[in-house]
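Just below is one structure, and these are the notes that go with it.
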């Protein structure tokens, strides 16, 4: 009896470990292949059947990225950084201002406007891409990183405003009033007293916006057609189509790694905020 | 839109607070606060108006016009919509999108639920596995699609190598040769990339259920399955509804994975609704017709959103 009880207690634990480790292998295998393939020598990268371990580590594929396509990978990294950081900063700025306004400085119609902004959650930008294209065209913002930044900002704003409004609304009004009585203006009350408390919300919004913009493909594909202004995800289409027939999968996977690895690192560093923001946004 | 307030005493240009205070301190304080509120909200509103509200209205206006990329557009009434309901390409795209949605939604939900139960424990190991299973979520769809495109290449790809070693197939089997196998392959990629997201959401739902409830059920003599069926599942319903709607909305909007991995082929067998809109508006440059298709998609998504509210509200009252 005792041994059976022992087995019943320890077996689930062992089974749990085995199950989790097996799933981990399934999850990590594609990522391993991405890195391994990108670090093979160009000759080994085209071997059939493929080798599991690179025989010889080489950064040739990464070096080749610098002169593949019209402009090298550095321009595309720059484009992605410009658009992602630009949209993140703009979203944080506008969302903090509006969140504070909606939470603390109510005016006639502010409730309706807040609801209107939240309603944009329901309509994805894929559905309005056609007129967006025409509008950007007439504002001469098509094929421009500024145009893409503004579009991204628009679609990240509702989430940001929602998160920031909730952060500010959860603060007692007395804190703010105390700051105002002490002679602070609205702005300094916001920046000195309220913003520090809202920092987790700011980080969540920033992370979310950055990841979404860095990875966005559909709008970038349509609104930017000039190769020198491509962001990284669209650049991958260039790497895939460049030498079709003699497609170099090593270079291709190096491009994928350049796109994916920064996200993985950023996530591992700041995952607490990322997951918190995700759950807050979902349970809106 | 921003002119909805009328500040009682202080006009926008009045700089000095001192005379205002003498006129009536409480009123002017409120007035200034309201004006400040309008000022803080207006930059965000301006951006949302130009890049969201106007395009939204324009979608419906464009859909009533014949609107080429260059040259003049002219009003055609509902002709675009009449064309759409007889357009076999569009109907195929809708059919394929629904097929994909029906295939992927239960697979994702069950996988994610199983993972959530698996890692719903305390301790460092469980937390590490949570982070690990979530890892593919942070990679973009484009990068993930290109990664899997390589994995599944006939001959070269590691997956065909594994298939050969397991005796499951030929090295040169082309998994992109038929629409069905292409769809299955894309689905495997999506499960790899998206399950972690749903797992985390379901996990937060599971952890919100008080532990005493499960204990009480156990003490009352309910087994594991009965506890799950009668205690956990009903309490998890709001989260399940949420995840379900996310999943359905996401699948109805699928584009990246098919554009990259199958290119819509073979013989247009894997064209989704958004893909067809893309082709109509930006390959054929029939912007008016593309807008009509977009409007139809928008109505479908609004229905999903409405369903979400219904499901969530119902569970609030139960």
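Overview of values
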| read-out | value |
| --- | --- |
| Tally, over segment A:113-136, of residues that are at the interface with another protein chain (Cβ under 9 Å from one of its Cβ atoms) and out of contact with any helix residue (DSSP H, G or I) (no Cβ under 9 Å at 6 or more places or on another chain) | 0 |
| Residue B:141 buried (at least 16 other Cβ atoms within 10 Å of the Cβ), closer than 19 Å to residue A:237 by Cβ and at the interface with another protein chain (Cβ under 7 Å from one of its Cβ atoms) | yes |
| Residue match in segment B:226-239 (condition: buried (at least 21 other Cβ atoms within 10 Å of the Cβ) and within 19 Å of residue B:111 (Cβ to Cβ)) | yes |
| Selection from segment B:275-286 of residues that are touching a residue at least 24 places away in the same chain (Cβ under 8 Å) and under 21 Å from the mean Cα position of the chain (by Cα) | B:275, B:276 |
| Where a residue in segment A:51-74 is assigned by TED's automatic domain parsing to the domain that holds residue A:29 and closer than 13 Å to residue A:39 by Cβ and its partner, wherever it lies, is surrounded by fewer than 11 Cβ atoms within 10 Å (Cβ to Cβ) and at pLDDT 85 or above, with Cβ under 7 Å and at least six apart | none |
| Hey, residue B:67 more than 14 Å from every other protein chain (Cβ to nearest Cβ), buried (at least 19 other Cβ atoms within 10 Å of the Cβ) and within 30 Å of residue A:148 (Cα to Cα) or not | no |
| Any chance residue B:174 is farther than 26 Å from residue A:211 by Cβ, more than 10 Å from chain A (Cβ to nearest Cβ) and either in contact (Cβ under 8 Å) with a residue 24 or more places away in the chain or surrounded by fewer than 23 Cβ atoms within 10 Å (Cβ to Cβ) (or both) | yes |
| So residue A:211, is it without any contact (Cβ under 8 Å) to a residue 24 or more places away in the chain, in contact with a helix residue (DSSP H, G or I) (Cβ under 9 Å, 6 or more places away or on another chain) and under 30 Å from residue A:76 (Cβ atoms) | no |
| Given (1) over 25 Å from the mean Cα position of the chain (by Cα); (2) without any contact (Cβ under 8 Å) to a residue 40 or more places away in the chain, index of the condition residue A:46 fails | (2) |
| Residue match in segment A:143-162 (condition: within 11 Å of another protein chain (Cβ to nearest Cβ), over 30 Å from residue B:64 (Cα atoms) and crowded, with 18+ Cβ neighbours inside 10 Å) | yes |
| Failed criterion for residue A:44 (all others in (1) at the interface with another protein chain (Cβ under 9 Å from one of its Cβ atoms); (2) assigned to a helix (DSSP H, G or I); (3) surrounded by 15 or more Cβ atoms within 10 Å (Cβ to Cβ) hold) | (1) |
| From the options B:296, B:189, B:199, residue that is under 28 Å from residue A:238 (Cβ atoms) and within 14 Å of another protein chain (Cβ to nearest Cβ) | B:189 |
| Check on residue A:30, within 13 Å of chain B (Cβ to nearest Cβ), within 30 Å of residue B:160 (Cβ to Cβ), in a loop (DSSP other than H, G, I, E, B) and touching a helix residue (DSSP H, G or I) at 6+ places or on another chain (Cβ under 6 Å) | no |
| Some residue of segment B:151-158 being out of contact with any helix residue (DSSP H, G or I) (no Cβ under 8 Å at 6 or more places or on another chain), assigned by TED's automatic domain parsing to the domain that holds residue B:104 and surrounded by fewer than 22 Cβ atoms within 10 Å (Cβ to Cβ) | yes |
| Residue in segment B:260-277 that is surrounded by the fewest Cβ atoms within 10 Å (Cβ to Cβ), counting only those that are facing chain A (nearest Cβ under 8 Å) and under 29 Å from residue B:196 (Cα atoms) | B:260 |
| Those residues of segment A:244-269 which are in a loop (DSSP other than H, G, I, E, B), more than 10 Å from chain B (Cβ to nearest Cβ) and in contact with a helix residue (DSSP H, G or I) (Cβ under 9 Å, 6 or more places away or on another chain), in sequence order | A:248 |
| Selection status of residue B:98, out of contact with any strand residue (DSSP E or B) (no Cβ under 9 Å at 6 or more places or on another chain), more than 8 Å from chain A (Cβ to nearest Cβ) and either more than 16 Å from residue A:17 (Cβ to Cβ) or part of a helix (DSSP H, G or I) (or both) | yes |
| Output for segment B:111-134, where each listed residue is at the interface with chain A (Cβ under 10 Å from one of its Cβ atoms) and either outside any helix (DSSP H, G or I) or crowded, with 20+ Cβ neighbours inside 10 Å (or both) | B:115, B:119, B:121, B:129, B:130, B:133, B:134 |
| Of all residues in segment A:50-71 being surrounded by fewer than 16 Cβ atoms within 10 Å (Cβ to Cβ) and closer than 15 Å to residue A:232 by Cα, the one that is nearest to the chain's Cα centre (by Cα) | A:66 |
| Subset of segment B:46-64 (residues that are more than 7 Å from chain A (Cβ to nearest Cβ), within 16 Å of residue A:155 (Cα to Cα) and surrounded by 14 or more Cβ atoms within 10 Å (Cβ to Cβ)) | B:49, B:50, B:53 |
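Listed here are the residues, each with its yes/no results for (1) within 30 Å of residue B:111 (Cβ to Cβ); (2) modelled with pLDDT under 85.
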| position | (1), (2) |
| --- | --- |
| A:2 | no, yes |
| A:22 | yes, no |
| A:89 | no, no |
| A:93 | no, no |
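The values are calculated or read from the model by the stated rules, or taken from the named source; none is laboratory data. Being a predicted model, the structure only gives us computed values, none of them experimental. Here the Cβ is made from the backbone with ideal geometry for all residues, glycine too, and neighbour counts use every protein chain on show.
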